[in-house]
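Heads up, the thing below is written out as structure tokens.
The values are calculated or read from the model by the stated rules, or taken from the named source; none is laboratory data. Since we're looking at a predicted model, the values are computed, not measured. Reconstructed Cβ throughout: ideal geometry from the backbone, glycine too, with neighbour counts over all protein chains shown. Accessible surface is based on the protein model in full, side chains and every heavy atom, while ligands, DNA and RNA are left aside. Shrake-Rupley method; radii C 1.70, N 1.55, O 1.52, S 1.80 Å.
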Amino acid sequence: MSHRLFLSVVALAAVMLITVSAAAQKPWSPPRTPDGKPDLQGIWTDNTLTPFERPKGLGAKEFYTDEEVADVQKKARQGNVGEEGDLGAARPQAVRYDLELYGFDPSKLRFSSKRTSLIVGPEGVVPPMLPAARERNTERNAQLKGHEFDSYAQRPLSERCLLMNQQRIPMTPGANEGNLLQIVQGPGYVTVLHEINHDTRVIPTDGRPHVPQNVRLWQGDSVGRWEGDTLVVDTTNFTNLTNYRGSSDKLHLIERFTRTADGITYQFTVEDPSTWAKPWTVEIPWTKSKGPVYEWACHEGNTMISTILNGARVADAEAAQKKSK
């Protein structure tokens, strides 16, 4: 009897081992929505210390070792990040006194991957701007010089609380501030709620074409499609006011959202033949966050603009008074 029991236990153990082994070999597949598409829904954070461009001293080095990442993160949490990352709003500021009161917790500062820069590839930096683009941007700046405070129209969109930097597309992270993004999707649409400026971006995935070329928008016109398990979003029809890193209205953006076992890989490729000689690509890991996404307000009544312009008028009056003497 004991012999039979022993054989039964051995057989059961063998079955369990085979089952576990088969499960381990089974490839991971993303969760699905009722219509069969990969489920990107949830609250995510793109919080990272990884710099946008690679620090010059690293040359073509694309990845840190585990030890190097741990060392750089330790320095960052001590406020000694150097050019290896950006503390963003978590950098000590006298006006804020106790940063933890505002949710800026230095202990949560981290690199989101082993990458030395968010820009991928051996260069790790934005390609040099074409001569014509440099000339275009120089001329634009020259036209603004001396007129920066003429009216609200001359002030940056972020200062006017219309389009904040982290709210802009392509979506780039900061360190420990405004990093939450919530995705909700349904048949024919994917929506992305930005914590910054509580902006909701609605991306159609129903196969519609772009709007006519004469329709221009600050955030461009986005249309999405599914390529396998990746959501690909194609955006055109930007304005020259968008001016993403010196771009023109020919800016073309391709974003890719791919669900992974531990998050979402957000990748975007920037193309503008009138600004850069070649496209360049950025990759940012998103990780799950408990949330919630609270309402975010730029300014209560945005009195900053009126204060800035009133201050400019006072300065103009003082300058005129001195000139008349």
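Remarks
- Residue check, Thr242 among the hydroxyl-bearing types (Ser, Thr, Tyr), open to solvent by less than 40 Å² (accessible area, probe 1.4 Å) and assigned to a loop (DSSP other than H, G, I, E, B): yes
- Under the condition of being surrounded by fewer than 18 Cβ atoms within 10 Å (Cβ to Cβ) and outside any strand (DSSP E or B), the residues counted in segment 261-277 number 5.
Residue-by-condition table, conditions (1) closer than 22 Å to Thr269 by Cα; (2) open to solvent by less than 20 Å² (accessible area, probe 1.4 Å); (3) at pLDDT 85 or above; (4) charged (D, E, K, R):
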{"residue": "Glu148", "(1), (2), (3), (4)": "no, no, yes, yes"}
{"residue": "Pro156", "(1), (2), (3), (4)": "no, no, yes, no"}
{"residue": "Ile183", "(1), (2), (3), (4)": "yes, yes, yes, no"}
{"residue": "His194", "(1), (2), (3), (4)": "yes, yes, yes, no"}
{"residue": "His198", "(1), (2), (3), (4)": "no, no, no, no"}
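- Within segment 33-73, the residues that satisfy the criterion of being part of a strand (DSSP E or B) and under 30 Å from Pro292 (Cβ atoms) are Pro38, Gly42, Ile43, Trp44, Thr45.
For every residue, the table says whether it meets (1) surrounded by 17 or more Cβ atoms within 10 Å (Cβ to Cβ); (2) within 21 Å of Gln267 (Cβ to Cβ); (3) modelled with pLDDT of 85 or more.
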| residue | (1), (2), (3) |
| --- | --- |
| Ala11 | no, no, no |
| Gln25 | no, no, no |
| Tyr64 | yes, yes, yes |
| Val72 | yes, no, no |
| Gly79 | no, no, no |
| Glu83 | no, no, no |
| Asp86 | yes, yes, no |
| Ala90 | yes, no, no |
| Val95 | no, no, no |
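- The residues of segment 109-140 that are over 22 Å from Ala277 (Cα atoms) and polar (S, T, N, Q), listed by number, are Ser112, Ser113, Thr116.
- Against the numbered list (1) modelled with pLDDT under 90; (2) of a type in the set (Lys, Arg); (3) part of a helix (DSSP H, G or I), Arg110 comes up short only at (3).
- Residue, most open to solvent (accessible area, probe 1.4 Å), within segment 278-302, restricted to residues that are in contact with a strand residue (DSSP E or B) (Cβ under 6 Å, 6 or more places away or on another chain) and in a loop (DSSP other than H, G, I, E, B): Pro279
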